[in-house]
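Have a look at the structure below, then the notes.
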Amino acid sequence: MDVWLLAPDAPAAADARMLSYCERLLSSDERDRRDRFHFQRHRHQFLVSHALVRTTLSRYSHVEPERWEFSTNAHGRPEIAVPCQSPPLRFNLSHTDGLIACAVALAVDVGVDVEDATRSTAVAAIARRSFSPAEVNALEALPGARQTDRFFSLWTLKEAYIKARGLGLALPLDAFTMLVDRGDAPSIQFSAAIADDPGAWGFHASAPTARHRLAVAVRSEGLPACFEVRWLASLGET
C-alpha cells in the first residue's frame, strides 16, 4: 500500500502552470465545491489535493487523470465510480495546512489522516470527550510536554481507522483503543460496541515533517501490512 505526500505550499505546487494543470483535471462539481471555500488557502488545498488523487490513481491504471469519476457512500466516503476496475483500486485523501496525503490500496479498505501538530488544540478536553478511557489515562500519565504529541498520534490513527471503515462518526471514537506503546506497529482494540476483528487491521504512524503527524489504516486481514510513503515535489513528477 502506497501513501503519496505533497506539500501544497511548495513552489512547484503553487506554480501558475501547475495550478492551471490542476484546474483542467477537476470536474465541474469539484470546481464548484472548491469555490465554496471562503479562504484562498483552503481553495488551494482543495484544488491541489483533488488533482493529487486523480494523478495518483493514474499511476496504477491506464486512465487519464481527468477521466476518473467519483461517488460517495452513505457516510460521505469518496469512491471510484468510473471506470469500473477489477480488482478495484481503493483510495483515501487527507489534507491539513502544509501537507496533503493520498493513500492507495488494491481491493482493500484504506484510510489516511494527516494533522498539523503545531495548531492550537485543547488536547485534554478533546481527549476526554473523544478518546477511550484507556487512551485518556495513558495520555494524562505523560508529562505535559509529551501529551500534545501523543494526542495527535492517537487522533490520526483513530481518524484513519474510521475513514477506512467508511462509516464516519457512526463509529464512536471512544469505543476503540489505539495501542501505541508496544514497541512495534500500532494496533487496535474494540469494545463491545464495535463488531470488528483487531487482527484484520494494519497501521502505520509517522511524523513526515517536524510539524505533521501521519497515520494509515488498512484492512490487511491478518497479513503483514506493507506501507511505502513517497514524497512528491509536484504533480508532474514520475
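Which residue fluctuates most in the GNM of the chain (Cα springs below 10 Å): ALA124, ALA13, ALA210? With Cα springs under 10 Å in the chain, the top fluctuation among ALA124, ALA13, ALA210 is at ALA210. Counting only the Cα atoms, the stretch 5-63 fills a convex hull of 83 Å³ per residue. Considering every Cα-Cα pair within the stretch 94-152, what fraction, in whole percent, is farther apart than 17 Å? Tail of P(r) above 17 Å: 52 percent of Cα pairs. Rounded to the nearest whole Hz, the Karplus-based 3J(HN,Hα) values (6.51 cos²θ - 1.76 cosθ + 1.60, θ = phi - 60°) of the stretch 71-86 follow the sequence 10, 10, 7, 4, 10, x, 6, x, 9, 6, 9, 9, x, 6, 9, 9, with x at glycine and proline. The Stokes-Einstein estimate for the stretch 48-125, based on a Kirkwood radius over Cα pairs and taken at 25 °C with 0.890 mPa s viscosity, is a diffusion coefficient of 177 µm²/s. For the chain, the longest principal axis of the alpha carbon atoms and the long axis of helix 40-57 meet at an angle near 80°. The residues PHE151, PHE227, sorted by heavy-atom accessible surface at 1.4 Å with ligands and nucleic acids left out, run PHE227, PHE151 from largest to smallest. Note that the stretch 90-238 presents 45 Å² accessible area per residue, ligands and nucleic acids not counted, probe 1.4 Å.
A 1.4 Å probe over all protein chains sorts LYS158, LYS163 by accessible area into LYS163, LYS158, starting with the largest.
The alpha carbon radius of gyration of the chain, expressed as a multiple of 2.2 N^0.38 Å, is 1.02. Rolling a 1.4 Å probe over the protein heavy atoms of the stretch 62-202, with every protein chain left in place, gives an accessible area that is 52 percent carbon and sulfur.
Taking every C-alpha pair closer than 8 Å and separated by at least 6 residues, the mean separation divided by the residue count of the chain gives a relative contact order of 23 percent. Ordered from largest to smallest accessible area (heavy atoms of protein chains, 1.4 Å probe), the residues TYR161, TYR21, TYR60 come out as TYR60, TYR21, TYR161. Every Cα-Cα pair of the stretch 53-189 was included, and the share exceeding 27 Å stands at 29 percent.
Once the Cα atoms are used to define both axes, helix 16-25 deviates from the longest principal axis of the chain by about 90 degrees. Around the amide H of SER220, modelled in the peptide plane, lie the amide H atoms of TRP201, GLY202, all under 5 Å away and 5 or more residues distant in sequence or on another chain.
The string of couplings for the stretch 160-168 from the Karplus curve (6.51, -1.76, 1.60, θ = phi - 60°) is 4, 5, 5, 5, 5, 5, x, 10, x Hz, one whole number per residue in order, with x for Gly and Pro.
So between VAL82 and SER206, what do we pick up on full extension, going 0.36 nm a residue minus the alpha carbon distance? Kindly include the intermediate steps, with their values, before the conclusion.
On the way: separation 124, 0.36 × 124 = 44.64 nm, distance 3.26 nm.
So the chain would gain 41.4 nm between VAL82 and SER206.
In this structure the amide hydrogen of LEU171, modeled in the peptide plane, comes within under 5 Å of no amide hydrogen from residues 5 or more places off or on another chain. Considering only ALA207, ALA145, ALA185, the Gaussian network model of the chain with Cα springs below 10 Å gives its largest mean-square fluctuation to ALA145.
Mean-square fluctuations from a GNM of the chain, with a 10 angstrom spring cutoff on Cα atoms, peak among GLY202, GLY168, GLY111 at GLY168.
The values are calculated or read from the model by the stated rules, or taken from the named source; none is laboratory data. A quick note: this is a predicted structure, and the numbers were derived from the prediction, not measured. Side chains are part of the model used for accessible areas, which takes the heavy atoms of the whole protein and leaves out ligands, DNA and RNA. Shrake-Rupley method; radii C 1.70, N 1.55, O 1.52, S 1.80 Å.
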